[in-house]
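In what follows, a single structure is set out as C-alpha cells and then discussed.
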Amino acid sequence: KTAPFTALARGKLADYHSLVDATGDTPGAHCVPHGMPLAVFLGGGYPVEFVQRPEQLTIIYETHNEVRRVFLDGRRIDDRDVLPSRGGTSRGHWEGQTLVVETTGLIESVDQPTAHSENARIIERYTPGFRDGLRRLKVEVTIHDPAFYTSPPTLTREYTQLREGRML
C-alpha cells in the first residue's frame, strides 16, 4: 500500500530520488540518524533501550546511535526556542497504560518512506503487553501533516524482549 502523499510531497520525493537513486548516496549511507518517525521502524534488528525517569523517557536506538528524549513533566517549550531537527522535540503523557508522545519541531525530510514537512506533528502510542511468555511493546505512529499527506497515515510496530540473548 502506498502512502497517501499529496502532489507537493510526490514532487519533492521524485526530485530527491532523481538525485540519489543512481548512486545510492543517501543520508543513511553516511550514517546520518533517521530521525522521526523512521527511527521507530528501522532498528534493523538492533536493540532499543528505554530509560525512564519521572520527568523524562530516553530512547536509545542502537542504529546510528540515535538518542531521543521525551519530556514527561508537562513542560512546554516555546516554539521560538526550538531548533528544528530530524528528531524534533517530544513531549509525552500517560493515558492509562499507554504512553502518548507528540513530536514537533521537525525539519522537512524527503529521504525516507515516512517523508514529512517541517509542520508535521507525529503522535506515537506505546502500549505494553505480554504474549508467548515475553513482554511486548506495541507502537502506533500517526503522521499529521496536511502538506504531505491527504490523510494521516498510521504505522505499527511491536518490540519484543530478548530471550536468551537473541531477538525473536
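The values are calculated or read from the model by the stated rules, or taken from the named source; none is laboratory data. Keep in mind that what you see is a predicted model, and the values were worked out from it rather than measured. With ideal geometry, Cβ positions are generated from the backbone for all residues, glycine too; neighbour counts draw on all protein chains shown. Areas reflect the complete protein model, heavy atoms only, side chains present, ligands, DNA and RNA absent. Shrake-Rupley method; radii C 1.70, N 1.55, O 1.52, S 1.80 Å.
General remarks:
- Across region 79-168, counting alpha-carbon atoms alone, Rg and Dmax equal 15.5, 47 Å.
- Taking the helices alone, the chain has a mean residue ellipticity at 222 nm of -3000 deg cm²/dmol, built from -39,500 (n - 2.57) per DSSP H run of at least 4 residues and averaged over all its residues.
- Rolling a 1.4 Å probe over the protein heavy atoms of the chain, with every protein chain left in place, gives an accessible area that is 53 percent carbon and sulfur.
- Coordinate range of the alpha-carbon atoms in region 1-73 per principal axis, descending: 45, 26, 20 Å.
- Dipole check for region 1-144: with +1 at the C-beta of Lys and Arg, -1 at the C-beta of Asp and Glu, and the Cα centre as origin, the magnitude is about 460 Debye.
- ARG136 long-range amide H proximity, modeled H, under 5 Å: GLY129, PHE130, ARG131
- Stokes-Einstein, applied to the Kirkwood radius of region 29-104 over Cα pairs at a viscosity of 1.002 mPa s and 20 °C, places its translational diffusion at 161 µm² s⁻¹.
- Ordering 140-152, 101-113 by mean Cβ neighbour count within 10 Å, with the highest value first, yields 101-113, 140-152.
- Relative protection proxy for 127-137, 9-19, from highest mean packing down: 9-19, 127-137 (other beta-carbon atoms within 10 angstrom).
- Entry comment: accessible area of region 61-134 is 54 Å² per residue, from protein heavy atoms only and a probe of 1.4 Å.
- Over the chain, relative contact order from alpha-carbon pairs under 8 Å, at least 6 apart, %: 19
- For region 60-128, fraction of C-alpha pairs farther apart than 14 Å, in %: 64
- Approximate shape of the chain as ellipsoid semi-axes (Cα gyration tensor, √5λ), whole Å, largest first: 27, 20, 16
- Amide H partners (placed H, <5 Å) of ARG86, local residues excluded: ILE107
- For region 65-80 versus region 114-166, the spacing of their alpha-carbon centroids is 18 Å.
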